[in-house]
1. Please sort 13-22, 64-73 by packing, taking for each peptide the average over its residues of neighbouring beta carbons within 10 angstrom, highest first.
2. Can you pull the one-decimal nm distance between simple spin-label points at H22 and R92, each 7 Å off the Cα toward Cβ?
3. State the extension gain, in nm to one decimal, for the chain segment bounded by R39 and K76, taking 0.36 nm per residue of separation less the distance between their alpha-carbons.
4. With r defined as the distance between the Cβ atoms of N12 and T100 and R0 fixed at 30 Å, what FRET efficiency is calculated, to the nearest 0.05?
5. If Lys and Arg each add +1 and Asp and Glu each add -1, what is the summed charge of the other residues whose beta carbon sits under 15 Å from the beta carbon of R96?
Amino acid sequence: MPKSKGFRIIENLRAIFENRPHQRDGTLTYLTEVYKTVRKHRSWIDDDIDLELEREPRTSNLFAHLIEVTSDLTPKMRSKYAKVLRIADERRIKFRNFETFVKSKGGFNGVIEKFRSKRRKLASIGQWQ
């Protein structure tokens, strides 16, 4: 039985993760591919990931879900990277610009901190719900 497009993409992401250089840029390349995959194929990838996990997902966050299926990152790192991907998605960053976005904000921690700062500021003036 031929594999679905979703399964082929999952296998491709696994290969990118396993063959990445063990440097920050290798992880950034992998996460760029995860971001691109979700942004381009969000509508149909859910079912294939659920089948691949063979269990209920722990999270409804598609980014975290895809990272869980395609990598062996710790839960803490998965959460951190999924948060960065969600922030980029909320800001509608094009996948071609994802790497630049992360680097311009000071890396993964910089993106998260800038988002937290903005959220705190909006909450203090009553605009964040």
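1. 64-73, 13-22
2. 4.1 nm
3. Using 0.36 nm per residue and subtracting the Cα-Cα distance, I get 11.0 nm.
4. Working: r = 23 Å, r/R0 = 0.76.
It comes out at approximately 0.85.
5. Counting the neighbours of R96, the net charge comes to +4.
Each value in this text was obtained by applying a stated rule to the coordinates, not by laboratory testing. The model shown is predicted, which means the values in this text are computed figures rather than measured ones. Cβ coordinates were reconstructed from backbone atoms using ideal geometry, including for glycine residues, and neighbour counts include every protein chain displayed.
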